[in-house]
Amino acid sequence: MTPPVFAHGSLRLYLLALLDEQPRHGYELIQALSDRFGGTYSPSAGTIYPRLSKLEEEGLVTKTSDGRKSVYEITDAGRTELEARRPELDAIEDEVTDSIRRLADGVRAEVNDAMRSLRAELASAARDAKRSAKDAAKATAESARTATVDAQVESRRALQEAELVLNEFRRQVRTDLRTRTQADHVPHEAVTLLKARLAQVRADVLAALDR
């Protein structure tokens, strides 16, 4: 909102109104104006003090020292002018009220827009997070399936290799037995040893499978 701009003579009138409430230092007048206008207008010392000096020259205010500060107080002549221009002061007050109301409406609209934008961004972030979690879960499941398939393929390959080893062993032992049977007899101890060693091999294989 554009800060209030006083017409010619309006600021001095407003200063008289503030001093009619109570005597004030120059800084207190600046602060009171800022508070009255909701912070939208804060005059500088270079704006206030020359007008106070002018009011003092005209006999509308008096100045007394309070330590290092000056205290300004309205005079009877100042009250007379203030009452004569009361309608003008009321019009200024009405404009200030309308201006502050418009400012509040503008701020409220900006806050509402910001809240809607924030809610939209949060909803979008939540959707993205949900999508990312879903994608991660899908990737994990796919990786697990791939690992399972790879394990199954490796298991089948190992089984085929084991069968080939057994078949080759069986073939070699059978050849050795038949060869010995033709040349000489096969001692019973050899068969007993074969059974014992095969039983031990089977036990070792089963132990390896249980790991």
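Quick check on GLU73: is it closer than 30 Å to HIS25 by Cα, touching a strand residue (DSSP E or B) at 6+ places or on another chain (Cβ under 6 Å) and open to solvent by 60 Å² or more (accessible area, probe 1.4 Å)? It would help to see each step written out before you state the result.
Numbers: closer than 30 Å to HIS25 by Cα: yes; touching a strand residue (DSSP E or B) at 6+ places or on another chain (Cβ under 6 Å): yes; open to solvent by 60 Å² or more (accessible area, probe 1.4 Å): yes.
Judged against the criteria, GLU73 is a match.
Residues in segment 1-29 that are of a type in the set (A, V, I, L, M, F, W, C) and at pLDDT below 90: MET1, VAL5, PHE6, ALA7, LEU11, LEU13. Across segment 54-78, the number of residues qualifying as part of a helix (DSSP H, G or I) and more than 15 Å from LEU11 (Cα to Cα) comes to 3. Listed by first and then second residue, the pairs with beta-carbon distance under 9 Å, at least 6 apart or on different chains, first residue in segment 193-211 and surrounded by 10 or more Cβ atoms within 10 Å (Cβ to Cβ), second β-branched (Val, Ile, Thr) and in a helix (DSSP H, G or I), are LEU194/VAL173.
Looking for whichever is more than 30 Å from LEU18 (Cα to Cα), open to solvent by less than 90 Å² (accessible area, probe 1.4 Å) and modelled with pLDDT of 80 or more here; the options are ALA190, ALA158, ALA91, ALA114. Which one fits? Going through ALA190, ALA158, ALA91, ALA114 in turn, the sole match is ALA114.
Remark: pairs (first residue in segment 47-73, without any contact (Cβ under 8 Å) to a residue 12 or more places away in the chain; second residue surrounded by 14 or more Cβ atoms within 10 Å (Cβ to Cβ) and outside any helix (DSSP H, G or I); Cβ separation under 6 Å; 6+ apart in sequence or on different chains) = LYS63/SER70; LYS63/TYR72; THR64/VAL71.
Table: residues versus (1) touching a helix residue (DSSP H, G or I) at 6+ places or on another chain (Cβ under 9 Å); (2) open to solvent by less than 60 Å² (accessible area, probe 1.4 Å).
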{"residue": "LEU55", "(1), (2)": "yes, yes"}
{"residue": "ASP66", "(1), (2)": "no, no"}
{"residue": "ALA77", "(1), (2)": "no, yes"}
{"residue": "PRO87", "(1), (2)": "no, no"}
{"residue": "GLU95", "(1), (2)": "no, no"}
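Take the conditions (1) more than 30 Å from GLY38 (Cβ to Cβ); (2) more than 47 Å from the chain's Cα centre (by Cα); (3) open to solvent by 70 Å² or more (accessible area, probe 1.4 Å); LYS138 misses just one of them, which is (2).
Figure legend. Inter-residue proximity from segment 88-110: first residues of a type outside the set (Val, Ile, Thr) and part of a helix (DSSP H, G or I), second residues open to solvent by less than 60 Å² (accessible area, probe 1.4 Å) and modelled with pLDDT of 75 or more, beta-carbon distance below 6 Å, spacing 6+ or different chains. Indicated pairs: LEU89/LEU13; LEU89/ALA17.
Output the residues belonging to segment 27-53 that are aromatic (Phe, Trp, Tyr), in a loop (DSSP other than H, G, I, E, B) and open to solvent by 50 Å² or more (accessible area, probe 1.4 Å). If the condition is that a residue be aromatic (Phe, Trp, Tyr), in a loop (DSSP other than H, G, I, E, B) and open to solvent by 50 Å² or more (accessible area, probe 1.4 Å), then no residue fits.
The values are calculated or read from the model by the stated rules, or taken from the named source; none is laboratory data. Just so it is clear, the model here is predicted, and its values are computed rather than measured. When we count neighbours, we look across all protein chains shown, and the Cβ atoms used for this are built from the backbone with ideal geometry, even at glycine. Calculation scope for accessible area: heavy atoms of the full protein, side chains included, ligands and nucleic acids excluded. Shrake-Rupley method; radii C 1.70, N 1.55, O 1.52, S 1.80 Å.
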